[in-house]
1. Which fully enclosed helices (runs of 4 or more DSSP H) of region B:33-128 have 1 or more residues being out of contact with any Lys or Arg (no Cβ under 8 Å at 6 or more places or on another chain) and surrounded by fewer than 12 Cβ atoms within 10 Å (Cβ to Cβ)?
2. I want to confirm something. Restricting to region A:1-32 and keeping residues that are part of a helix (DSSP H, G or I) and of a type in the set (Gly, Ala, Ser), which single residue is surrounded by the fewest Cβ atoms within 10 Å (Cβ to Cβ)?
3. Give me a count of the residues in region B:96-152 that are modelled with pLDDT of 95 or more and among the basic types (Lys, Arg).
4. What number of residues within region B:195-233 satisfy the criterion of being more than 7 Å from chain A (Cβ to nearest Cβ), free of Cβ contacts under 8 Å to residues at least 60 places away in the same chain and farther than 19 Å from A:ARG132 by Cα?
5. Need pairs with beta-carbon distance below 8 Å; first residue more than 7 Å from chain B (Cβ to nearest Cβ) and within region A:156-175, second basic (Lys, Arg) and crowded, with 24+ Cβ neighbours inside 10 Å; sequence gap 6+ or separate chains.
6. List pairs: first in region A:109-137 and more than 9 Å from chain B (Cβ to nearest Cβ), second part of a helix (DSSP H, G or I), Cβ under 6 Å, 6+ apart or cross-chain?
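The values are calculated or read from the model by the stated rules, or taken from the named source; none is laboratory data. These numbers come from a predicted model, not from an experiment. So basically every Cβ, Gly included, is an ideal-geometry build from the backbone, and we count neighbours across all protein chains shown.
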There are 2 protein chains.
Amino acid sequence: MTRPMLMAELSRSSGVPVATIKYYLREGLLPPGTATSATRAEYGEAHLRRLRLIRALLEIGEVPVAAIGTILAVVDDESASVHAMLGAVQYQLGPHPARPAEPDQDWQVASREADALIAALGWTVASSAPARTLLVATLAALRRARSAPTGPGLRAYAEAMATLAAAEVTSLLPGNQHGPTPGSPEVPGSPEVPGSTRVALAESAVVGMVLHERILIALHRLAQEDASSRYFA
Amino acid sequence: MTRPMLMAELSRSSGVPVATIKYYLREGLLPPGTATSATRAEYGEAHLRRLRLIRALLEIGEVPVAAIGTILAVVDDESASVHAMLGAVQYQLGPHPARPAEPDQDWQVASREADALIAALGWTVASSAPARTLLVATLAALRRARSAPTGPGLRAYAEAMATLAAAEVTSLLPGNQHGPTPGSPEVPGSPEVPGSTRVALAESAVVGMVLHERILIALHRLAQEDASSRYFA
């Protein structure tokens, strides 16, 4: 624990300008400090941790301020599971594909294709998951563009992602922040996670989800370039 | 081969409005038809194919009109390899991360990390590839956000992507548009590809690159949700 800080020190320690901190206080994203006089308040370690989470959501996750409150409410609600918290983070990350008001034939077939895949893999995912809508929208677009190559098949993508995602998620487990190796995740029961750890976990989750996805995209494209050089140069 | 079409029929067959076709003609994206009088020209199969490619680049690839000319120039230059053509498509797809004018310590370490990975995998990729810059920028961001989980390790992502990308690229091979299965790609020599096939290949490439990447992102998130439900629900 650090000693209590005044606003100016909180700003220095966090690197967040005073005006921005005051804006977060007004928006209710940051809880008020402990008032020590009519015009002074003291802030602590919890404020620093929460500022780090807010910055990660804004700068790395590009989550709009209005949606940050939704995430923080789940982080603060200790009766909500860590799974609910990670879901709250992921569901606020873009893109946010829209479901069509009247799904056409391609959409309906794509939707059944997605459900069949998820069932075959035995995955537990909400039918309202934005990523499911993204998958259906993309499969429908593939059907519309009939010239599209078939590629390695949906199941091959899904199995590769399952292996990577399991290693990512287990690396979030408390006490496992610098350890996991693929293929050998430690699988404890549903862990107890205290409030301060929940904030740190949410920060790790947003950083990890966004940056691992970018690594995936970058390596996918580099791998395409390498494969293309072998087959088409 | 279809019979020659007038502008109105070209519009009907392609689903592209006449005003838009005229715009593409003015911008030089579509070659002029064969003039049959001072005010009439006839269009053929090649115009239809090229309109499909332009629409795929605009609507699926979200490539700006100005950048489409760059891609079409490589498609039309039959002395350019198919590898160069696929590169032209991929390099115009966003995001376009900027290299910093003065790379900081994190960027320099990340850059060496990316080079070491690419060398260890024996990948042939240009050092100017936008995806390499995206990888370095992301690794540098991970270093800055010290709380980030380590995840499954770069090499695990890269190897998974290599398998998928090889199957995607071989599915583009002429005569292989509906066939490949992962793990058993057909590997012919560098194929001869005629002009009309180049246009169709470029269209398949943009559709495939963009939509496969979206499938990857969607399935990655769904796999995270499933893993999270197992460890944190």
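1. B:65-76, B:105-121
2. Filtering region A:1-32 down to residues part of a helix (DSSP H, G or I) leaves A:7-14, A:18-27.
Remaining after also requiring of a type in the set (Gly, Ala, Ser): A:8, A:11, A:13-14, A:19.
Values: A:ALA8: 10, A:SER11: 19, A:SER13: 15, A:SER14: 20, A:ALA19: 8.
If we take residues in region A:1-32 being part of a helix (DSSP H, G or I) and of a type in the set (Gly, Ala, Ser), then A:ALA19 is surrounded by the fewest Cβ atoms within 10 Å (Cβ to Cβ).
3. 2
4. Counting residues in region B:195-233 that are more than 7 Å from chain A (Cβ to nearest Cβ), free of Cβ contacts under 8 Å to residues at least 60 places away in the same chain and farther than 19 Å from A:ARG132 by Cα gives 1.
5. Every condition considered, no pair remains.
6. Pairs found: A:ALA110/A:VAL136; A:ALA110/A:LEU139; A:ALA110/A:ALA140; A:SER111/A:VAL136; A:GLU113/A:LEU139.
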